[in-house]
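Q: Mind having a look at this structure? Questions to follow.
The values are calculated or read from the model by the stated rules, or taken from the named source; none is laboratory data. Note that the structure is predicted; figures quoted are calculated from it, not measured. Positions of Cβ are generated from backbone atoms using ideal geometry, with glycine treated the same way; all protein chains shown enter the neighbour counts. Just so you know, the surface numbers come from the protein's heavy atoms only, side chains and all, with ligands and any DNA or RNA stripped out. Shrake-Rupley method; radii C 1.70, N 1.55, O 1.52, S 1.80 Å.
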Amino acid sequence: MEFLSLLDLTFFLLAALGALVGIIFGAIPGMTATMAVAVCLPLTYALGLNHGLALLLGLYVGGISGGMVPAILINIPGTPSSITTTFDGYPMAQKGEGEKALRVSVIASVVGGLISAAVLFFFAPVLADFSIKFSYVEKFLIILLALSVIASLSSNMLVGIFSGVIGIWLSLVGVYSTSDGGNGKTRLMFDFLEPYLFEGFSLLPVLIGIFGISTILLEAEKGVKNDLTGEGVKLGKGGSGFSMSIFKGRLTNLVRSSFIGTFVGMLPGVGGSAASVLAYTQEKNLSKDSSEMGKGAPQGLIASESANNALTGGALIPLLSLGIPGDSTTAVLIGAFTLQGIQVGPLFIPENVDTWYVMMTALIFANIVMFFLMFYAIKHIAKVVMVPKHLLFPIIVMMCVVGAYAINYGIMFDVWTLLIFGVLGYVIQKVGLEVAPLIIGFILGSQAEVYFVKSLESAGTFSIFFTKSPIAVVLWILIIASVIFSILMGLKRRKVSREGASQ
């Protein structure tokens, strides 16, 4: 239990501060948990690994939870995972039950978060022990499966694949190292950029640009004149009839939705919006009073918020056991480990047991702090939706630029990388491509290349990817299944859209 010596007062203060700042980011429409983690990422270099993880995990938990505030009070999802929270939360606010809706959502959120943390604690080490036995072939197929899942669960499979390919292409910029089976020559860049891109684009400025600068550009495009005011914010008075009896008969919904969120979190790049939509749909199909859902039903809030908060623990499972980020926020968390010179993957938990326990402590503590902050201070936190964006955005841009410049000890090209990828992220979203497949393709692309080349070096034939082991066969079955699932879902969406057009 040596890790207990690492849990000092600063550790808990940073986790609490992260939860508070994350709630604020989540509660401001347009800001997200991913953006909060990306903007604060450079701070972790000075804090060290354990204190840095306490801050970032607090931001993660708080950012996901904070999205419920604008979703309920002004019908604007604070984060993508809060979309289904608007379905019943806003109707309750219109009836003067805003505070009641927020309290129900907070309780559902903390239960979902703690259940997912328990699953993470018991499942991630088992998966890591299993994956240690993987050869280069299985590692390549795991990455291929992750990329296929991202593509199959995107709004359009071809769009998801194309976005992921762009990310992979960008990850290959730089020198093709001889240690990785390459020829030691530069590729995919102009000669005048060789001094700057010898080792490719730096991960951290890319992450901050994609999730920080591009978000601000998209929000600024809407115009700061449209800043929110207090009009339409309806909290209600005196708790508006909240009682724990609301959860009576709804524990099955609470637990089921939490496990749905955890499972969806384990699927790389899927995101909280898919988790909350799936949990909400399941409750609507199984609830005895489903006709009330969408009109201000507490069970809709319970399903949505427990699922999207359960995403936090679920998304950390593939990150810590396989080195594959479960969502865009855990993709940014890879940057924290990179800053400290640690590589996540199958060996992370066995070789960093103290850090593993520190992460679990921070995750559980952040959920508890989130609960107390939002349950007992909700009236004050609700005022965050009125923060003027014309004051907020310049501060965030400044933090992004300073962070990118300082990460690699003052390299100006990192600032240019930040700006280039900020604009790229903006253009990608404007033309209808998807950021999650792109960024995960960027993170996994170079690893996939290394595993692919090493596999061929060991066998000299492509048949190695099909005959290496039973695990490889299972992975191929899962890859094919994800593609078939995507095709079927695409056909179903087309059928629904045609039926809607004909009516």
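Q: If you go through region 318-326 one residue at a time, do you hit one that is more than 25 Å from A146 (Cα to Cα) and in contact (Cβ under 8 Å) with a residue 24 or more places away in the chain?
A: We begin by selecting, within region 318-326, every residue more than 25 Å from A146 (Cα to Cα); these are none.
No, region 318-326 has no match at all.
Q: In region 327-356, what residues are without any contact (Cβ under 8 Å) to a residue 12 or more places away in the chain and not small (G, A, S)?
A: Scanning region 327-356 gives E351, N352.
Q: Write out, first by first residue and then by second, each pair whose Cβ atoms fall under 8 Å of each other, whose residues are 6+ apart or on separate chains, and whose first residue, in region 357-381, is farther than 16 Å from I24 by Cβ and at pLDDT 90 or above while the second is open to solvent by 40 Å² or more (accessible area, probe 1.4 Å) and aromatic (F, W, Y).
A: M360/F121; F365/F12
Q: Let me ask something else about it. When region 339-377 is examined, which residues are found to be open to solvent by 10 Å² or more (accessible area, probe 1.4 Å), of a type in the set (S, T, N, Q) and farther than 17 Å from I132 by Cβ?
A: Q340, T355, T361
Q: On to the next question. Pull out all pairs, ordered by first then second residue, where Cβ-Cβ is under 8 Å, the residues are six or more apart or on different chains, the first lies in region 196-216 and is on the phi > 0 side of the Ramachandran plot, and the second is part of a helix (DSSP H, G or I).
A: The qualifying pairs are G200/S171; G200/S446.
Q: Can I ask one more? Can you find, within region 245-273, the residue that is modelled with the highest pLDDT among those that are in contact with a helix residue (DSSP H, G or I) (Cβ under 8 Å, 6 or more places away or on another chain), closer than 20 Å to L102 by Cα and open to solvent by 30 Å² or more (accessible area, probe 1.4 Å)? Quick ask: steps written out before the conclusion?
A: We begin by selecting, within region 245-273, every residue in contact with a helix residue (DSSP H, G or I) (Cβ under 8 Å, 6 or more places away or on another chain); these are 246-247, 250, 253-273.
Filter again for closer than 20 Å to L102 by Cα, leaving 246-247, 250, 253-255, 257-258, 261, 272-273.
Keeping just the survivors that are open to solvent by 30 Å² or more (accessible area, probe 1.4 Å) gives 250, 255, 273.
Values: R250: 78, V255: 91, S273: 68.
If we take residues in region 245-273 being in contact with a helix residue (DSSP H, G or I) (Cβ under 8 Å, 6 or more places away or on another chain), closer than 20 Å to L102 by Cα and open to solvent by 30 Å² or more (accessible area, probe 1.4 Å), then V255 is modelled with the highest pLDDT.
Q: For the condition touching a helix residue (DSSP H, G or I) at 6+ places or on another chain (Cβ under 7 Å) and of a type in the set (D, E, K, R), what is the one hit in E434, E457?
A: After ruling out the rest, the residue left standing is E434.
Q: I would also like to ask the following. Among residues belonging to region 124-141 that are in contact with a helix residue (DSSP H, G or I) (Cβ under 6 Å, 6 or more places away or on another chain) and more than 14 Å from I464 (Cβ to Cβ), point out the one that is surrounded by the most Cβ atoms within 10 Å (Cβ to Cβ).
A: Across region 124-141, the extreme among qualifying residues is A124.
Q: Which residues, counting only those in region 162-201, are under 20 Å from I411 (Cβ atoms) and at pLDDT 85 or above?
A: Of everything in region 162-201, those that are under 20 Å from I411 (Cβ atoms) and at pLDDT 85 or above turn out to be L170, S171, V173, F201.
Q: On to the next question. For region 116-153, enumerate the residues that are outside any helix (DSSP H, G or I) and within 30 Å of S304 (Cα to Cα).
A: Within region 116-153, just L153 meets the criteria.
Q: Working carefully through the options G445, G403, find the one that is farther than 30 Å from K139 by Cβ and either within 22 Å of the chain's Cα centre (by Cα) or of a type in the set (A, V, I, L, M, F, W, C) (or both).
A: G403
Q: Determine which member of the set V415, V387, V423, V402 is touching a residue at least 60 places away in the same chain (Cβ under 8 Å) and open to solvent by less than 50 Å² (accessible area, probe 1.4 Å).
A: V415
Q: For region 1-115, please list each of the helices (runs of 4 or more DSSP H) lying entirely inside it that holds at least 3 residues being in contact (Cβ under 8 Å) with a residue 12 or more places away in the chain, crowded, with 23+ Cβ neighbours inside 10 Å and not hydrophobic (A, V, I, L, M, F, W, C).
A: 9-27, 49-66, 85-94
Q: Sort out which residues of region 195-222 are of a type in the set (D, E, K, R) and open to solvent by less than 70 Å² (accessible area, probe 1.4 Å), and write them in order of number.
A: The one that is of a type in the set (D, E, K, R) and open to solvent by less than 70 Å² (accessible area, probe 1.4 Å): E219.
Q: Can you name every residue in region 471-485 that is within 16 Å of K139 (Cβ to Cβ) and free of Cβ contacts under 8 Å to residues at least 24 places away in the same chain?
A: Step one: of region 471-485, the residues within 16 Å of K139 (Cβ to Cβ) are 471-476, 478-479.
Hits for region 471-485 are V473, V474.
Q: Considering only residues of region 299-338 that are open to solvent by 10 Å² or more (accessible area, probe 1.4 Å) and among the aliphatic types (A, V, I, L, M), which is nearest to A101 (Cα to Cα)?
A: I334
Q: Criterion first (out of contact with any helix residue (DSSP H, G or I) (no Cβ under 7 Å at 6 or more places or on another chain), open to solvent by 10 Å² or more (accessible area, probe 1.4 Å) and either under 30 Å from I440 (Cα atoms) or at pLDDT below 85 (or both)) does G232 satisfy it?
A: yes
Q: Give me a count of the residues in region 31-67 that are modelled with pLDDT of 90 or more and among the β-branched types (V, I, T).
A: Looking only at that region, the number is 1.
Q: Of all residues in region 287-298, count the ones that are within 28 Å of the chain's Cα centre (by Cα), surrounded by fewer than 20 Cβ atoms within 10 Å (Cβ to Cβ) and at negative phi.
A: Within region 287-298, residues that are within 28 Å of the chain's Cα centre (by Cα), surrounded by fewer than 20 Cβ atoms within 10 Å (Cβ to Cβ) and at negative phi number 0.
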